[in-house]
Amino acid sequence: MDHDKRIDKSVPFVAVNIAVLTVSDSRSLDDDRSGDVLVGRVADDGHNLADRRIVTDDFDAITAIVKNWVDDASIDVVIATGGTGLTGRDGTPEAFRSIFEKEIEGFGEIFRYVSFQKIGTSTIQSRAVAGVAGGTYLFALPGSPSACRDAWDEILRYQLDIRHRPCNFVEIMPRLTESAVTRRGG
């Protein structure tokens, strides 16, 4: 699919503020290739890097950072890389799900579809997830640079672009924190 044909160039681009979190027991900023991919894509597509951190594969440490970012009104999106596999140390999906107010089930489905096109059935081991909390979008991606490229290039680039048609995540950001009472008008 040629996603670029779905960009309405008559609509002005709106940059969003994105925090990048690498979940790893072995990476530092000097050798965090997956985080580097995301940071590069964020900048290349005109968005703002709000923060970048590395955290160990620890539920409490992951949730503390993500909750802090959710509480920070200047951060619109959190993208984590790492900790989405099947081993005993992989707990990023559980940490993210404990924060979600709503899960975006379609994200994991579409990510695995995109990944299947490249790595076949090995994508079954990915537990990529996404959701919303406190008006902030949260995405948890696998820890490989190729997975980060695929997620950004095939999904996030377009859903984080207000010009993407027929719909995108950016245009509904102002309504993410409305309540059921607000929607019913009373």
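The values are calculated or read from the model by the stated rules, or taken from the named source; none is laboratory data. Not measured: the values here are computed from a predicted model. As a convention, Cβ positions derive from the backbone with ideal geometry for all residues, glycine included, and neighbour counts pool all protein chains shown.
Working only within the stretch 47-57, note down all residues that are closer than 22 Å to VAL16 by Cα and assigned to a strand (DSSP E or B).
Within the stretch 47-57, the subset closer than 22 Å to VAL16 by Cα is 47-54.
The answer is ASN48, LEU49, ALA50, ASP51, ARG52, ARG53, ILE54.
Does the stretch 76-97 contain any residue that is touching a helix residue (DSSP H, G or I) at 6+ places or on another chain (Cβ under 6 Å), at pLDDT 95 or above, crowded, with 18+ Cβ neighbours inside 10 Å and over 15 Å from VAL20 (Cβ atoms)?
Checking the stretch 76-97: at least one residue is touching a helix residue (DSSP H, G or I) at 6+ places or on another chain (Cβ under 6 Å), at pLDDT 95 or above, crowded, with 18+ Cβ neighbours inside 10 Å and over 15 Å from VAL20 (Cβ atoms).
Only residues in the stretch 33-46 that are in a helix (DSSP H, G or I) count as the first member; pair them with residues that are of a type in the set (D, E, K, R), Cβ under 6 angstrom, at least 6 apart or cross-chain, and list the lot.
VAL37/ARG149
Taking the stretch 23-47 as the search range and keeping residues that are under 14 Å from the mean Cα position of the chain (by Cα) and not hydroxyl-bearing (Ser, Thr, Tyr), which one is farthest from GLY83 (Cα to Cα)? Steps first, please.
Let us first name the residues in the stretch 23-47 that are under 14 Å from the mean Cα position of the chain (by Cα), namely 23, 34-35, 37-39, 41-42, 47.
When the remaining residues are screened for being not hydroxyl-bearing (Ser, Thr, Tyr), the result is 23, 35, 37-39, 41-42, 47.
Working: VAL23: 6, GLY35: 13, VAL37: 17, LEU38: 16, VAL39: 18, ARG41: 21, VAL42: 21, HIS47: 25 Å.
Going through the qualifying residues, I end up with HIS47.
I need the full set of residues from the stretch 143-186 which are crowded, with 20+ Cβ neighbours inside 10 Å and modelled with pLDDT under 95, in order please.
Scanning the stretch 143-186 gives a single hit, GLY143.
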